[in-house]
Amino acid sequence: QVQLVESGGGLVQAGDSLRLSCAASGRAFSAYIMGWFRQAPGKEREFVGGVSADGSGSYIVVSERGRFTISRDNAKNSVYLQLNDLRPEDTAEYYCAARTGTSYSIPTGYTYWGQGTRVTVSS
């Protein structure tokens, strides 16, 4: 069982940056692939990216490469999502999630979810 708590969201202006954090508690955080998802108002949840269990590999969806970066610190039981050059269309609830396995570039198979942190980007 893994419990996940996101933080770091807020209201920012277009062009600003945010670093979202996800703190995990429970067993063997370093055994899990971690992912970030987001859900904009009125839209379906979408995959943003994932990071391997040991942090050696990461993946960001093509549309956000160059602006978003995902990383983790297993010593701190945490995973991060760096958001740069934010745009109004990035406004969404951002969720972290955990899964077992080896494929950190696919959006399926996540079994543990946090409650989300809200990012609002004003123009």
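Summary table below
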{"quantity": "Those residues of segment 98-118 which are aliphatic (A, V, I, L, M) and either more than 14 Å from TYR59 (Cα to Cα) or in contact with a helix residue (DSSP H, G or I) (Cβ under 6 Å, 6 or more places away or on another chain) (or both), in sequence order", "calculated": "ALA98"}
{"quantity": "Strands (runs of 3 or more DSSP E) within segment 1-102 that include 1 or more residues under 11 Å from the mean Cα position of the chain (by Cα)", "calculated": "2-7, 18-26, 33-39, 46-51, 58-60, 68-73, 78-83, 92-99"}
{"quantity": "Pairs where the first residue, in segment 105-123, is of a type in the set (Gly, Ala, Ser) and exposed (fewer than 12 other Cβ atoms within 10 Å of the Cβ) and the second is in a loop (DSSP other than H, G, I, E, B) and at pLDDT 95 or above, C-beta under 9 Å, 6+ apart", "calculated": "SER122/ALA14; SER122/THR91; SER123/ALA14; SER123/ARG87"}
{"quantity": "ALA40 vs. criteria in contact (Cβ under 8 Å) with a residue 12 or more places away in the chain and either of a type in the set (S, T, N, Q) or surrounded by fewer than 16 Cβ atoms within 10 Å (Cβ to Cβ) (or both)", "calculated": "yes"}
{"quantity": "Conditions (1) closer than 22 Å to ALA14 by Cβ; (2) modelled with pLDDT of 95 or more; number of the one not met by TYR32", "calculated": "(1)"}
{"quantity": "Hey, VAL62 among the β-branched types (Val, Ile, Thr), within 22 Å of GLY109 (Cα to Cα) and surrounded by fewer than 13 Cβ atoms within 10 Å (Cβ to Cβ) or not", "calculated": "yes"}
{"quantity": "Among the candidates GLY8, GLY57, GLY49, GLY15, residue that is surrounded by fewer than 21 Cβ atoms within 10 Å (Cβ to Cβ) and free of Cβ contacts under 8 Å to residues at least 60 places away in the same chain", "calculated": "GLY57"}
{"quantity": "Residues of segment 31-55 satisfying the condition of being among the hydrophobic types (A, V, I, L, M, F, W, C) and within 21 Å of ASP73 (Cα to Cα)", "calculated": "ALA31, ILE33, MET34, TRP36, PHE37, PHE47, VAL48, VAL51, ALA53"}
{"quantity": "Restricting segment 69-89 to residues that are without any contact (Cβ under 8 Å) to a residue 60 or more places away in the chain and crowded, with 21+ Cβ neighbours inside 10 Å, the residue that is farthest from ALA31 (Cα to Cα)", "calculated": "ILE70"}
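The values are calculated or read from the model by the stated rules, or taken from the named source; none is laboratory data. Given the structure is predicted, the values throughout are model-derived calculations rather than measurements. Methodologically, a virtual Cβ is constructed for each residue, glycine included, from the backbone with ideal geometry; neighbour enumeration extends over all protein chains shown.
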